[in-house]
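First up is the structure itself, then whatever we jot down about it.
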Amino acid sequence: MAVVAKEKHRLAYKSPDFTIDQIDLDISLDENCTKVIATSRVKRQGNHPNSLVLDGEELILHSVLVDKKTADYRIENNQLCIDGVPDSFELQIVTEINPAANSALEGLYKSGNAFCTQCEAEGFRRITYYLDRPDVLARFTTRITADKTAYPILLSNGNRIAAGDNPNGTHWVQWSDPFPKPCYLFALVAGDFDVLKDTFETKSGRTVALELFVDKGNLNRSYHAMASLKKSMAWDEQRFGLEYDLDIYMIVAVDFFNMGAMENKGLNVFNAKFVLANPESATDTDYFDIERVIGHEYFHNWTGNRITCRDWFQLSLKEGLTVFRDQEFSSDLGSRAINRIRNVKIIRGPQFAEDAGPMSHPIRPDVVMEMNNFYTLTVYEKGSEVIRMLHTILGEDKFQAGMKLYVDRHDGQAVTCDDFIQAMQDASGADLTLFRRWYAQSGTPVLTVTDEFDADSQRYSLHVKQHTPATAGQNEKSALHIPLSVALYDQRGGYLGDQYDQVLNVCSDQQSFEFTEITEKPVVALLQDFSAPVKLEFAYDDQDLLVLLQHSKSAFTRWDAAQTLLNKYIRLNVEHIHNQQELELPQGLLNALMGILRDPELDKSLIAEILRMPSESSMAELFDEIDIDAIHKVKCFIEQTVATQLHEVFLETYRQNKSASYQLNQQEIAKRDLVAVCLTYLALHGDDTDRSIIAAHYQAADNMTDVLSAMQAAKQGELPVLQKMMAEFEAKWRHDGLVMDNWFRLQATSPATDCLSVVKSLLTHPSFSMQNPNRLRALIGTFSAANPYRFHAIDGSGYAFLREMLDELNHSNPQVASRLITPLLQFKRFDPVRQSLMRQELQRLSERADLSRDLYEKVSRALAQ
Ligand code: B3K
Ligand code: ZN
């Protein structure tokens, strides 16, 4: 490999030699030649003779002035070094950049007809030479000049303080942000947008102007996002006591964006996917995600912006905490149990896979080459689980006391994960010494539990062992503080009471817990609500799981019991395939599922979640060595058996829940979800009645959720009607990339044998674009990550395809390439034939002389295994 990328180590942190507390940017926008004049006030920190060293990438440098005099400088490895500077001085740097050529979508770039920026993690250095690190906090003013006709709207952080026209047809606007911030929170947007305006009155009575900018003609899709923003602002005041600080909050939706959204101070830039929705074009999931992501970015205003990270290794300080906050927001506004189920699926599926793969890292990584590679499920989702465990251990009141102390103590600072835990500890009085280890240790702990009941002494004991398997780069593991929530039921599913519903603190390798005055052997619900991100091993018998599935008072436990039971039969049936035995599914499970479908008391979304089979990728997580063909067979067998045995109930449930007209409320969303599950099973059964139901459902659909439920079902059942649906969908939506992503995803997840050749042919479809990250994820990402059966075809065609795509994206958009490569990195868990095919493709990538730092880090870590 030709790239010699440098590793950075967390423990090598040094506070900056200089700081910048004020920067005035003067940016004249031009497609190919944007001029940036950056005037900063620089101050030496401490007593040292060191030179000023600034980061910069892809910049043309015009001039450097120190206190208005031309400075002597050198450029070394993308850094601008100025020797012999005074202790305090004004620095003026003039650079030129080419936004139109910026396909990496980092720094300043063109998204369609608009200019926008993305600076986190290290994109500001593509705008000007700067101390591009999060512990340098400066007040920014930004003056933007651009052609007035093409770019009537010019935005940056903070408040708009002045504006004017120039004689040459350009105009300018000046912005000033009163809050000191790291440069990763800088943003600039210029374009011609429609704007939706509203206001929010804060709890202290200030009126905040809210402005949502969307592409011309999209106003009718912007109302849900605005409503979500107002709900977020109100919720953060109510639950966390946190109030918005500026007088204006702006959100801009753009089509070309590498991730979901960005929390720039006062000016969020959003992937349009997480803004635009109306019933015709967006699904219930889209609506949910918009509310969630709008909330997430808004919540960053305190957890991220007002209090930021000292260095990027601390990323989970803001991300884990803000994900926890957005999950709580969704749960307070919607169904707590359903939210928990969906989040747990992400941890048990792709996060556990990441923990076990070559990129395994603690939520606070120790070694990083390319920071963008660490915006991971581990840092975000497991990071949030760690915060959730703290919440479980401390309880809401003490947790909130900790939050308050954290904010009071560190407002306006750049701090560490340790500072956060310290505030939690100081405010609560709890000893969190052992708990801190969650920040340092990678991998998924395994809890092995056995139980013992002694009728004579009426004692019930749980013996708990914890063990974390070695992970890439970290062999030694120690015991963690694991909150294990358990509850006891009697054999008929009666709840034994609150005294038997407890959080046990597992703090050593081996520990026992005892419950007294128990008169019969109880049924134990273990790891309630997934109280810790661990794997649980307990020899449940079917009967106990059926009791929990049918009678537990917790919706989560009911779902989880179904999962445990299913997992048992998934494992067993894969073994049966290996031993050439008949596949089996116990009648007790089928009867229980039937009972669940018919239970009038149950939340319909819960029924849907219980009936929906785990994906093949999450099934794969049950095995150390993945036999994807056997997993696929078992999945088909289970689904087919359920579809056949429960056919009448699915028909009945479908008819009862199909609603006459569309409404967007929790109850109707739950019904549509359940209907979608029924349709899929009906399609798998596939008799004439089923087929006509699916066709009719599609015809009658007046919203995108129902349209896609019918199409999804037709795809799963490989029904002929799918072709007509696909053609109609394409004709209707071909000019709308966001909606077409559904169409691409449907084809990328097809079980049909020609799936890959269809995916390949779609690369030249007029609605597809290699430049647009949403399209890339919808087609290439979905095929590789969500269609494991086809991706892992034994001829290696899936691997070769992904490698070709990565070859192309390596240069144009390394960040997206580096996301898409994930499924290739997990080769170690496949059979020797597939392993060697996958390795070969990684090897080929590694031989490129121009491999991006992003891909280099992942490919080299994978091949080093
Ligand atoms: N903080 C951004 C993510 C930035 C990713 C940079 N590669 C969005 C978020 O987590 O809210
Ligand atoms: Zn975030």
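The values are calculated or read from the model by the stated rules, or taken from the named source; none is laboratory data. Quick caveat: nothing in here was measured; it's all calculated off a predicted structure. Neighbour counts are summed over all protein chains in view; Cβ atoms, including those assigned to glycine, are modelled from backbone coordinates with ideal geometry. The accessibility values were calculated without ligands, DNA or RNA, using every heavy atom of the protein model including side chains. Shrake-Rupley method; radii C 1.70, N 1.55, O 1.52, S 1.80 Å.
Please report, in Å, the Rg and the Dmax of segment 15-86, where both are computed over Cα atoms only.
Cα radius of gyration and Dmax of segment 15-86 are 13.2, 43 Å respectively.
Straight-line reach only, C-alpha to C-alpha below 18 angstrom: list the lysines that Lys230 could link to, leaving out same-chain residues fewer than 8 apart.
Lys197, Lys203, Lys265
Within the set of other residues whose C-beta is less than 14 Å from the C-beta of Gln723, count the net charge using Lys and Arg as +1 and Asp and Glu as -1. Write out the running numbers ahead of the final one.
Details: positive: Arg691, Lys715, Lys724; negative: Glu718, Glu728, Glu730, Asp754.
After counting each charged neighbour, the total is -1.
Can you give the Rg/Rh ratio of segment 98-148, where Rg is from the C-alpha atoms and Rh is the Kirkwood radius? Walk me through the intermediate numbers first.
On the way: Rg = 12.1 Å, Rh = 12.2 Å.
So for segment 98-148, dividing Rg by the Kirkwood Rh gives 0.99.
Counting other Cβ atoms within 10 Å, keep those with at most 15, restrict to DSSP loop, and tell me which GluC sites (Glu not before Pro) in segment 648-719 are left. If you can, show how the numbers build up before the last one.
Values: sites: Glu648, Glu652, Glu668, Glu718; in loops: Glu718.
Taking segment 648-719 and a limit of 15 other Cβ atoms within 10 Å, the loop GluC sites (Glu not before Pro) found are Glu718.
Go through segment 67-84 residue by residue and turn each phi into a ³J(HN,Hα) via Karplus (6.51, -1.76, 1.60, θ = phi - 60°); whole Hz please, and just put x for glycine and proline.
Using θ = phi - 60°, the values come out as 6, 6, 10, 3, 9, 8, 9, 10, 10, 10, 6, 6, 10, 9, 10, 10, 8, x Hz.
Non-local amide H neighbours of Ala163 (under 5 Å, H modeled in plane, Pro and chain starts lacking H): which ones?
Those lying under 5 Å, H to H, from Ala163 are Gln174.
Let's see if you can work this out: charge +1 on each Lys and Arg Cβ, -1 on each Asp and Glu Cβ, no other charges. What is the dipole magnitude of segment 304-389 about its Cα centre, in debye to the nearest 20?
Value, rounded to 20: 320 debye.
Can you send over the solvent-accessible area of Lys110, 1.4 Å probe, protein chains only, in Å² to the nearest 10?
40
Residues of segment 464-479 with the amide nitrogen closer than 17 Å to a label point 7 Å from the Cα of Ala539, along Cα-to-Cβ, please.
Within reach of a label on Ala539, which here means backbone N under 17 Å from a point 7 Å along Cα→Cβ, segment 464-479 contributes 464-465.
Which distance in nm do the two modelled labels at Asp688 and Gln510 give, with both placed 7 Å along the Cα-to-Cβ direction?
6.7
Given a cut-off of under 8 Å on Cα pairs at least six residues apart, what relative contact order in percent is computed for segment 645-800? Write out the running numbers ahead of the final one.
Working: 173 pairs, mean separation 23.6, N = 156.
For segment 645-800, the relative contact order is 15 percent.
Quick query: amide H of Leu527 versus all other amide H atoms, modeled in the peptide plane; which residues come in under 5 Å with a sequence gap of 5 or more or a different chain?
For Leu527, whose amide H was placed from the backbone, the distant partners under 5 Å are Ser485.
Shape verdict for segment 167-278, please, from the Cα gyration tensor: rounded (a/c under 1.5), prolate (a/b greater than b/c) or oblate.
Verdict is oblate for segment 167-278.
Compute the accessible area per residue over segment 740-797, keeping the other protein chains in place, probe 1.4 Å, unit Å².
On the way: 1960 Å² over 58 residues.
In whole numbers, segment 740-797 has 34 Å² accessible per residue.
Which net charge results for the neighbourhood of Ala525, defined as the other residues with beta-carbon distances under 15 angstrom from its beta-carbon, given Lys and Arg at +1 and Asp and Glu at -1? Could you put the intermediate results ahead of the total?
Details: positive: Arg340, Arg492, Lys521, Lys553, Arg558; negative: Asp451, Asp490, Asp498, Asp501, Asp529, Asp541, Asp544, Asp560.
Local net charge: -3.
Using the Cα gyration tensor of segment 126-233, with a ≥ b ≥ c the square roots of its eigenvalues, what is the shape: rounded (a/c below 1.5), prolate (a/b larger than b/c) or oblate (neither)? Working shown, then result.
Working: a/c = 1.79, a/b = 1.11, b/c = 1.62.
Judged from the Cα gyration tensor, segment 126-233 comes out oblate (a/c at least 1.5, b/c at or above a/b).
What net charge do the residues around Lys6 carry, taking every other residue with its C-beta under 11 Å from that of Lys6, with Lys and Arg at +1 and Asp and Glu at -1?
Working: positive: Lys8, Arg853; negative: Glu7, Glu370, Glu857.
Once positives and negatives cancel, what remains is -1.
Which one, Leu267, Ile307, Leu842, is farthest towards the positive end of the dipole of the chain when Lys and Arg carry +1 and Asp and Glu -1 on their Cβ?
With unit charges placed on the Cβ atoms, the residue in question is Leu267.
Using the Cα centre as the reference, give the magnitude of the dipole from point charges on the C-beta atoms of the chain (Lys, Arg: +1; Asp, Glu: -1; all else neutral), rounded to the nearest 20 debye. If you can, show how the numbers build up before the last one.
Details: 88 positive and 120 negative charges, 233 e Å.
Charge dipole of the chain: 1120 debye, to the nearest 20.
In terms of solvent-accessible area of protein heavy atoms at a 1.4 angstrom probe, what is the ranking of Arg558, Arg777, highest value first? Intermediate values should be presented prior to the final figure.
On the way: Arg558 30, Arg777 80 Å².
Listed by decreasing accessible area, they come as Arg777, Arg558.
Treating only the Cβ atoms of Lys and Arg (+1) and Asp and Glu (-1) as charged, compute the dipole magnitude of segment 100-181 about its Cα centre; round to the nearest 20 debye. Walk me through the intermediate numbers first.
Numbers: 9 positive and 8 negative charges, 27 e Å.
For segment 100-181, the charge dipole is close to 140 debye.
Helix 555-578 sits at what angle to the longest principal axis of the chain, using alpha carbons and giving 0 to 90 degrees rounded to 10?
Roughly 80 degrees between the two axes.
Work out the charge dipole of the chain with +1 on the Cβ of Lys and Arg and -1 on the Cβ of Asp and Glu about the Cα centre, then indicate which of Leu809, Leu276, Leu91 is farthest towards its positive end.
The residue sitting farthest along the positive end of the dipole is Leu91.
With runs of 4+ DSSP H residues as the only contributors, calculate the mean residue ellipticity of the chain at 222 nm using -39,500 (n - 2.57) per run, divided by the residue total and rounded to the nearest 500. Mind showing how you got there, number by number?
Values: 30 runs with 345 residues, N = 865.
Computed mean residue ellipticity for the chain: -12000 deg cm²/dmol.
What residues qualify as long-range amide H neighbours of Ile248, i.e. H under 5 Å apart, gap of 5 or more or another chain, H built at 1.01 Å from N?
Long-range HN contacts for Ile248: Ala209.
Applying 1/(1 + (r/R0)^6) with R0 = 22 Å to the Cβ-Cβ distance of Ser331 and Thr207, what FRET efficiency is obtained, to the nearest 0.05? Walk me through the intermediate numbers first.
Values: r = 29 Å, r/R0 = 1.32.
The value I calculate is 0.15.
Under a 1.4 angstrom probe, counting protein chains only, how are Thr207, Thr471 ranked by accessible area, largest first?
Values: Thr207 85, Thr471 15 Å².
The residues order as Thr207, Thr471, largest area first.
Which pairs break 20 Å Cα to Cα here: Lys318/Lys404; Lys671/Lys732; Lys382/Lys404; Lys715/Lys760? Spell out each step's value before the answer.
Working: Lys318/Lys404 15 Å; Lys671/Lys732 26 Å; Lys382/Lys404 23 Å; Lys715/Lys760 18 Å.
Beyond 20 Å between Cα atoms: Lys671/Lys732; Lys382/Lys404.
Per residue, how big is the convex hull of segment 643-778 when only Cα atoms are used? Give it in Å³.
On the way: hull volume 15.6 nm³, N = 136.
Convex hull volume per residue, Cα atoms: 114 Å³.
Could you run the Karplus curve 6.51 cos²θ - 1.76 cosθ + 1.60 with θ = phi - 60° over segment 604-617 and give me ³J(HN,Hα) per residue in whole Hz, x for Gly and Pro?
Running phi through 6.51 cos²θ - 1.76 cosθ + 1.60 with θ = phi - 60° gives 5, 5, 5, 4, 4, 5, 6, 7, 6, 6, x, 6, 4, 5 Hz.
With a 1.4 Å probe and all protein chains kept in place, how much accessible area does Leu583 have, in Å² rounded to the nearest 10?
Answer for Leu583: close to 50 Å² accessible.
Rolling a 1.4 angstrom probe over the protein heavy atoms, how many square angstrom per residue are accessible across segment 36-144?
Here the residues of segment 36-144 average 40 Å² of exposed surface.
Take Ser111, Ser512 and sort them by solvent-accessible surface of the protein heavy atoms, 1.4 Å probe, largest at the top. Walk me through the numbers before you get to the answer.
On the way: Ser111 10, Ser512 75 Å².
Ranked list, largest accessible area first: Ser512, Ser111.
Got a number for carbon plus sulfur as a percent of the chain's accessible area, 1.4 Å probe? Don't jump to the answer; show the numbers that get you there.
Values: 15770 of 32890 Å².
Result for the chain: 48 percent of the exposed heavy-atom area is carbon or sulfur.
Find the percent of Cα-Cα distances in the chain that exceed 49 Å, and round it to a whole number.
Tail of the P(r) past 49 Å holds 20 percent of the pairs.
Using the Karplus curve 6.51 cos²θ - 1.76 cosθ + 1.60 with θ = phi - 60°, work out ³J(HN,Hα) for each residue of segment 710-724 in order, rounded to whole Hz, and write x for Gly and Pro.
3J(HN,Hα) across segment 710-724, in whole Hz: 5, 5, 4, 5, 4, 5, 4, x, 6, 7, x, 5, 4, 4, 5.
Rolling a 1.4 angstrom probe over the protein chains, ignoring ligands and nucleic acids, what is the accessible area of Ser797 in square angstrom, nearest 10?
40
List the relative contact order of segment 30-124 as a percent without decimals, with contacts defined as Cα pairs under 8 Å and 6+ residues apart. List each step's numbers first, then the result.
Details: 171 pairs, mean separation 33.0, N = 95.
So the answer I get is 35 percent.
Indicate the gyration tensor shape class of segment 383-498 (rounded, prolate or oblate), computed on the Cα atoms with a ≥ b ≥ c the square roots of the eigenvalues: a/c under 1.5 is rounded; otherwise a/b larger than b/c is prolate and the rest oblate.
Details: a/c = 3.13, a/b = 1.55, b/c = 2.02.
Oblate is the answer for segment 383-498, as a/c is 1.5 or above yet b/c matches or exceeds a/b.
Tell me which of Ala695, Leu708, Phe453 sits at the most positive position along the dipole axis of the chain, charges placed on C-beta atoms (Lys, Arg +1; Asp, Glu -1).
Towards the positive end, the residue furthest out is Leu708.
Could you work out the relative contact order of the chain? I mean the mean sequence separation of Cα pairs under 8 Å and 6+ apart, divided by the number of residues, in percent.
Values: 1676 pairs, mean separation 78.2, N = 865.
It comes to 9 percent, rounded to a whole number.
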